[in-house]
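Worksheet for the structure shown next.
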């Protein structure tokens with residue numbers, strides 16, 4: 001039997017969730033250089049806008065959380081913001097309502113804390129029948145061990161790991177599409193492929 005995870009992601013079959021890209025969490029992120037993380041987040045957010053995908057932005061500014069990344073706020077006009085007060089956004093009724101409104105089974109999740117809020121949300125979405133793709137290079141953790149444990153747990157639960165650059169090519173399909181040159185610009189400006197990071 002063919003796994004549903006072999007069905008490629010498209011602008012029409014998937015949505016995107018952005019989890020807690022707030023600068024107050026950066027001191028706890030030790031597994032990826034902060035400048036690279038912010039570049040990756042910028043690419044991820046720009047992708048969701050470029051392909052006009054349903055996008056939910058989670059997080060709440062203030063206190064120890066700080067402010068949303070400028071790389072996010074400069075490119076997030078299309079995103080639906082949802083505040084929450086629970087580690088897993090699935091426990092926030094407004095989030096569940098927004099997800100169900102789009103009637104899509106595939107959701108692409110990326111969040112600053114891979115082993116806490118990103119993991120807990122992904123597990124809940126999997127439990128409720130969604131197919132979840134975790135964008136690992138927009139995530140981080142306090143230790144390599146915790147990051148590895150989170151990826152193993154999520155993989156064992158049925159999530160698929162990916163990167164934002166792989167996602168860009170998967171959604172684009174062909175360099176001759178209208179989005180092709182714009183994906184090329186993102187690669188050039190924000191990835192090692194363009195030698196710009």
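The values are calculated or read from the model by the stated rules, or taken from the named source; none is laboratory data. As the structure is a computational prediction, the values presented were derived from the model and not from experiment. Cβ sites come from the backbone with ideal geometry, for glycine too, and all protein chains shown count toward neighbours.
Here are the numbers:
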read-out: Single unsatisfied condition, residue 119 versus (1) closer than 16 Å to residue 16 by Cα; (2) at pLDDT 95 or above; (3) out of contact with any helix residue (DSSP H, G or I) (no Cβ under 6 Å at 6 or more places or on another chain); value: (3)
read-out: Residues (surrounded by 24 or more Cβ atoms within 10 Å (Cβ to Cβ) and in a helix (DSSP H, G or I)) located in region 112-124; value: 114, 118, 119, 121, 122
read-out: Residue in region 175-190 that is under 19 Å from the mean Cα position of the chain (by Cα) and within 24 Å of residue 28 (Cα to Cα) present; value: yes
read-out: Which numbered condition residue 170 fails, given (1) more than 12 Å from the chain's Cα centre (by Cα); (2) within 14 Å of residue 19 (Cα to Cα); value: (2)
read-out: Residue count for region 87-108, restricted to those that are in contact with a helix residue (DSSP H, G or I) (Cβ under 9 Å, 6 or more places away or on another chain) and over 22 Å from residue 138 (Cβ atoms); value: 2
read-out: Strands (runs of 3 or more DSSP E) wholly inside region 1-111 containing at least 2 residues that are buried (at least 22 other Cβ atoms within 10 Å of the Cβ); value: 14-19, 55-58, 106-111
read-out: Conditions (1) surrounded by fewer than 19 Cβ atoms within 10 Å (Cβ to Cβ); (2) free of Cβ contacts under 8 Å to residues at least 40 places away in the same chain; number of the one not met by residue 154; value: (1)
read-out: Residue that is surrounded by the fewest Cβ atoms within 10 Å (Cβ to Cβ) [pool: residues in region 128-151 that are in a loop (DSSP other than H, G, I, E, B) and touching a helix residue (DSSP H, G or I) at 6+ places or on another chain (Cβ under 8 Å)]; value: 128
